[in-house]
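The values are calculated or read from the model by the stated rules, or taken from the named source; none is laboratory data. The structure presented is a predicted model; accordingly, all values stated were derived computationally and were not measured. Methodologically, a virtual Cβ is constructed for each residue, glycine included, from the backbone with ideal geometry; neighbour enumeration extends over all protein chains shown.
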Amino acid sequence: MTTNERTDLGLTDSAAAAGCSCCSTASATDTRVAVSTTTQDVLVDGMTCSHCVMSVTEEITAIDGVENVSVDLNAGGSSRVTIHSAAPIDAARVRAAVEEAGYALAGSPA
């Protein structure tokens, strides 16, 4: 005859409604910090390929405070560039970065 013996490893909390002690809502403390970000969209003329996207992304990402840049490429038209940052980025700095990459903001004189 076999006897099933179990050793309590302390991984469960019998008072918890569900889940083990590491995921139980009864004893878990949420230590996440809410981080607010700012999103800015600019339109850039002249981009036609992935190299263009990479150049603009690299220049804008180099601006202090920029956390992430994404580009919705519209080859032959104005491409939407979305800038995520902790605080708003000065428009003149964005314009300078785009121009440094060799492009222009939509509506800007060439």
Open item on the list: Of everything in region 58-91, what is over 19 Å from Ser108 (Cβ atoms), modelled with pLDDT of 95 or more and of a type in the set (A, V, I, L, M)? Give them in sequence order.
Closed with: Ala62, Val66
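Could you tell me how many of the residues in region 36-57 are closer than 20 Å to Ser108 by Cβ and part of a helix (DSSP H, G or I)? If you could, list the steps in order and put the result at the bottom.
Initially, region 36-57 is screened for residues closer than 20 Å to Ser108 by Cβ, giving 40-48, 52-53, 55-57.
After this cut, where a residue has to be part of a helix (DSSP H, G or I) as well, the list is 52-53, 55-57.
The number of residues fulfilling the criteria is 5.
Looking for something part of a helix (DSSP H, G or I), out of contact with any Cys (no Cβ under 6 Å at 6 or more places or on another chain) and under 11 Å from Val44 (Cβ atoms) - is there at least one such residue anywhere in region 83-92?
From region 83-92, those part of a helix (DSSP H, G or I) are 91-92; that's our starting set.
Next, only the ones that are out of contact with any Cys (no Cβ under 6 Å at 6 or more places or on another chain) stay: 91-92.
Still in the running and under 11 Å from Val44 (Cβ atoms): none.
Within region 83-92, not a single residue is part of a helix (DSSP H, G or I), out of contact with any Cys (no Cβ under 6 Å at 6 or more places or on another chain) and under 11 Å from Val44 (Cβ atoms).
Among the residues of region 64-90, how many are over 20 Å from the mean Cα position of the chain (by Cα) and either surrounded by 15 or more Cβ atoms within 10 Å (Cβ to Cβ) or hydrophobic (A, V, I, L, M, F, W, C) (or both)? Spell out the reasoning first.
Start the filter on region 64-90 by keeping residues that are over 20 Å from the mean Cα position of the chain (by Cα), which leaves 74-78.
When the remaining residues are screened for being either surrounded by 15 or more Cβ atoms within 10 Å (Cβ to Cβ) or hydrophobic (A, V, I, L, M, F, W, C) (or both), the result is 75, 78.
Total meeting the criteria: 2.
Yes or no: Asp13 farther than 19 Å from Ala97 by Cα and either at pLDDT 95 or above or surrounded by 13 or more Cβ atoms within 10 Å (Cβ to Cβ) (or both)? Walk me through it before giving the result.
Working: farther than 19 Å from Ala97 by Cα: yes; either at pLDDT 95 or above or surrounded by 13 or more Cβ atoms within 10 Å (Cβ to Cβ) (or both): yes.
When the stated conditions are applied, Asp13 passes them.
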TODO: Quick one: in region 95-109, of everything that is surrounded by 13 or more Cβ atoms within 10 Å (Cβ to Cβ) and within 11 Å of Leu43 (Cβ to Cβ), which residue is modelled with the lowest pLDDT?
DONE: Ser108
